[in-house]
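None of the figures in this text is laboratory data; all of them are computed from the coordinates on show. Small disclaimer: the values here were computed from a predicted structure and weren't measured. Cβ: placed from backbone, ideal geometry, glycine included. Neighbour counts: every protein chain shown.
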Amino acid sequence: MDAESLLLSLELASGSGQGLSPDRRASLLTSLMLVKRDYRYDRVLFWGRILGLVADYYIAQGLSEDQLSPRKTLYSLNCMEWSLLPPATEEMVVQTSVVKGRFMGDPSHEYEHTELQKMSEGEKVFEEEVVVQIKEETRLVSVIDQIDKAVAVIPRGALFKTPFGPIHVNRTFEGLSLSEAKKLSSYFHFREPVELKNKTLLEKADLDPSLDFMDPLEHDIPKGSWSIQMERGNALVVLRSLLWPGLTFFHAPRTKNYGYIYVGTGEKNIDLPFML
């Protein structure tokens with residue numbers, strides 16, 4: 001959700017229980033404006049909150065003028081002081097995939113993981129147990145990156161692609177109509193397209209290259225991983241991810257108000273295919 005319309009966005013998302021105390025909201029309003037100014041971002045999004053056992057991580061993201069260029073991620077424990085996180089790598093994701101359970105809430109906390117590594121002495125090859133230390137900060141980067149790639153959502157038409165390549169915020173976007181807002185095909189993954197590149201020219205024939213340049217949610221696997229509901233007498237559409245419980249996207253049809261927020265433990269629901 002955009003930091004500039006934070007109070008309205010939090011109110012629209014509050015139907016899912018994703019709220020913040022008045023002092024946290026006041027702190028975020030001021031500190032995110034300072035983050036935008038100091039780091040010279042085009043836009044700042046309040047991404048959400050990852051719940052820890054000792055403390056919670058508040059997450060924000062900075063966007064450059066090209067909306068799909070890699071986002072810079074920051075975290076805070078008190079909503080006032082923000083620290084920049086390093087970009088996620090494939091190595092980080094593989095390394096942290098062995099860590100299970102809740103976050104502690106301490107970035108310097110180290111998880112210990114025992115793994116077998118093949119060692120060789122001359123011609124002898126034997127396996128030895130090695131204890132690997134994984135920092136919680138690394139796990140935080142990895143989980144945010146996975147959630148962004150899997151369930152960050154944006155409505156169709158909110159961004160447009162210029163003929164020269166960069167992707168900008170569509171200033172003429174006035175929201176989806178009520179009938180479009182009820183369809184999963186009207187929402188896109190807020191990241192670089194993956195499936196779009198595999199489509200045939202015939203499948204791309206009906207697409208508008210300036211608007212349909214991202215992957216729609218309707219083809220997500222497993223099918224049924226999104227819950228779509230109308231609230232407040234059809235004045236608000238709410239999408240909830242069942243794959244990453246805690247991710248809520250909201251949009252008020254025929255208005256510019258939309259956004260997503262994640263409030264959860266940072267754990268993926270790997271049992272979802274068996275629950276559908």
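Using only the Cα atoms of the chain, each taken as one equal point scatterer with no solvent, compute I(q) by the Debye sum, divide by I(0), and report log10 of the ratio at q = 0.09, 0.13 Å⁻¹.
The calculated log intensity ratios at q = 0.09, 0.13 Å⁻¹ are -0.46, -0.92.
Which residue, V130, V237, V99, has the most motion in a Gaussian network model of the chain that connects Cα atoms within less than 10 Å?
Top of the fluctuation ranking is V130.
Would you grab the residues whose amide H sits under 5 Å from the one on G246? Only those 5+ places off in sequence or on another chain, please, with H modelled 1.01 Å from N.
Answer set, sorted by chain and number: S241.
Based on the Kirkwood radius over alpha-carbon pairs, what is the Stokes-Einstein translational diffusion coefficient of segment 1-132 at 25 °C with 0.890 mPa s viscosity, in µm²/s?
140
Quick check: Cα centre of segment 79-109 to Cα centre of segment 129-207, how many Å?
Segment 79-109 and segment 129-207 have Cα centres spaced 22 Å from each other.
Rounding to the nearest 10 and keeping the result within 0 to 90°, find how far the Cα-based axis of helix 22-39 lies from the longest principal axis of the chain.
80
Enter the mean projected area of the convex hull around the alpha-carbon atoms of segment 225-276, in nm², rounded to one decimal.
4.0
Can you tell me the order of 77-87, 249-259 when each peptide is scored by its average per-residue count of other Cβ atoms within 10 angstrom, highest first?
Highest-to-lowest ranking by the protection proxy: 249-259, 77-87.
Once you order the gyration tensor axes a ≥ b ≥ c over the Cα atoms, which shape class does segment 134-249 get: rounded for a/c under 1.5, otherwise prolate or oblate by comparing a/b with b/c?
Here segment 134-249 falls in the oblate category.
Which of S76, S177, S186 moves the most in a Gaussian network model of the chain with Cα springs under 10 Å?
Checking each option, the largest mean-square fluctuation is seen for S177.
If you place +1 on the Cβ of every Lys and Arg, -1 on the Cβ of every Asp and Glu, and leave all else neutral, what size is the dipole of segment 56-161 about its Cα centre, to the nearest 20 Debye?
Dipole size: approximately 700 debye.
Once you've got the GNM for the chain with C-alpha springs shorter than 10 Å, pick whichever of V263, V93, V44 has the biggest mean-square fluctuation.
V93
Determine ³J(HN,Hα), in whole Hz, for all residues of segment 70-81 in sequence, where each value follows from phi through the Karplus function 6.51 cos²θ - 1.76 cosθ + 1.60 and θ = phi - 60°; x replaces Gly and Pro.
In residue order, the calculated couplings are x, 7, 8, 10, 10, 10, 9, 9, 10, 6, 10, 9 Hz.
Quick check for me: using +1 on Lys/Arg Cβ and -1 on Asp/Glu Cβ, what's the dipole size of the chain about its Cα centre, in debye to the nearest 20?
1200
Restricting to lysine pairs 8 or more places apart or on different chains, what number in segment 68-178 have Cα atoms under 27 Å apart?
The number of close lysine pairs in segment 68-178 is 10.
So in the chain, what percent of DSSP beta bridges are antiparallel if you round to the nearest 5?
90
As I understand it, the dipole of the chain uses +1 on the Cβ of Lys and Arg and -1 on the Cβ of Asp and Glu, about the Cα centre. Which of F160, H113, W82 lies farthest toward its positive end?
F160
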